Every structure is written in structure tokens, then in C-alpha cells.
Amino acid sequence: MIAIIDYDAGNIKSVEKALISLGQDVVVTRDKDAILSADKVVLPGVGAFGDAMARLHEYGLVEVIREVAAKGTPFLGICLGLQLIFDRSEEAPGVEGLGLLRGEIVKFPDSTELKIPQIGWNSLEIKPDSTLFKGIKNQSYVYFVHSYYLKAEDENIVAASTEYITHVHASVEYKNIFACQFHPEKSSEVGLKILENFANI
């Protein structure tokens, strides 16, 4: 069973549909017991960092997520879900993230050539032997929608990166914690393969 955490964020339905299309047993829930008993847990999301953390606190999900991570359950953050698992974001000064991994979310520098937010397809520089990208060719394209990007404190956890205005940490892996800034559920066959790799952990 894969539990998708429901905290009123956008994009939950499309993640659910993608996992179901892969034959996975999926529940969308904010129930503590359901989340803690799941084989795997997904934190998707589209929206603002501060609002999302406020909802996670409101629903009592912050400690639940930290418990999931601590007990070794495979955990996948998607888009805003990636951003939330780090320490903080320039989008919401003073708001603490989940702190599962060290790093911060920063705003793209201004650019005269490229638009912010980044919306569209970009290729990935994939680290060999990464779990999420098993069987996926380097420089494969995935779909991004974001104005802020991850600067991980430890480059060793970065499983894939991309270039857009600056160097972007696009995906991370550390023990049982995985995350993608891009949307695998909107990234065609490559994205479905990433979700399948996670489901098969």
C-alpha cells in the first residue's frame, strides 16, 4: 500500500492516477495510522511553502512525516513535497521546513533570457546507480513547474541535476528518503518509470 499524504495541496489526484496506472494499491489520506502502516509514503504538492507547512501543522502531519522517515519507510517528495523536506525556503522567511534533509530552497536569480517560474521540459544529468533513475537514460527530459529551487547542503545526496538560469538540484536520495523537484506524474514514460522504481523499492 502506498499512502499519498492529503494536506489540501494541488496535484494529489494526478499522482494518485499515475500510481494506480502502474497497478499500485493507493490510499489518499491524512490519517496517522494509515500513513504509518503504509509500505511507502508520498508527499506531493503544488503551492506555497509557508501555506503548506501551516496545513501540515494544522492536520498534525509534521510529526507523522518525521516518524515515517525515522522508521525507514520509503518516502517520496514531489515538487513542493521536495521543498518541504528541507530546512527552510526563501519563499517563507522564518518558517521551518520538515528538516528531514539539510538544505534550503532559494528563488531563481533574475534572468533576461529565461522566464520565472520555470514551466516546461528540461533534461537531467543523472548520477549513475541512483535508485529512482534505474533504467533511465542520462539527459532524459522531465517536466518542471517552479520558481524556487533546492540547494542541498550535501551534494552527495543529489541524484539528478539540471541547468535553468543556474545549477538546480532536481532530485535527491538519502537512505529511505527520495524527492523530485519535477513532476514524474507529468513526465510521460520517463516519469512513470521513476514512480515505478520508487514503488519497487
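The values are calculated or read from the model by the stated rules, or taken from the named source; none is laboratory data. Being a predicted model, the structure only gives us computed values, none of them experimental. A quick note on method: Cβ atoms are made from the backbone with ideal geometry, for glycine too, and the neighbour counts reach across all protein chains shown. Only protein heavy atoms, including side chains, enter the accessible area calculation; ligands, DNA and RNA are left aside. Shrake-Rupley method; radii C 1.70, N 1.55, O 1.52, S 1.80 Å.
Odds and ends about this structure:
- Among the trypsin sites (Lys or Arg not before Pro) in the range 33-123, those placed in a DSSP loop whose Cβ has at most 14 other Cβ atoms within 10 Å are Lys71, Arg102, Lys115.
- Heavy-atom accessible surface of the chain: percent carbon and sulfur, 1.4 Å: 47
- Cut-off 14 Å between beta-carbons: net charge of the residues surrounding Ala92, Lys and Arg +1, Asp and Glu -1: -3
- For the pair Asp51 and Lys71, the difference between a 0.36 nm per residue extended length and the Cα-Cα distance amounts to 4.5 nm.
- To the nearest 10, the accessible area of Glu104 is 60 Å² with a 1.4 Å probe.
- The stretch between Glu90 and Thr131 holds 11.8 nm of extra length on full extension. This uses 0.36 nm per residue minus the Cα-Cα distance.
- Relative contact order of the range 1-154, pairs being alpha-carbon contacts under 8 Å that are 6 or more residues apart, as %: 18
- Efficiency of FRET from Cβ geometry, His167 and Asp39, R₀ 25 Å, rounded to 0.05: 0.15
- Note on Asp25 and Asp8: the extension gain reaches 4.0 nm, defined as 0.36 nm multiplied by sequence separation minus the Cα-Cα distance.
- Net +/- balance of residues flanking Ala199 in space, Cβ distance below 11 Å, scoring K and R +1, D and E -1: -1
- At a probe radius of 1.4 angstrom, the accessible area of the range 39-117 per residue rounds to 43 square angstrom.
- Counting heavy atoms of the protein chains alone, Cys180 has an accessible area of about 0 Å² for a 1.4 Å probe.
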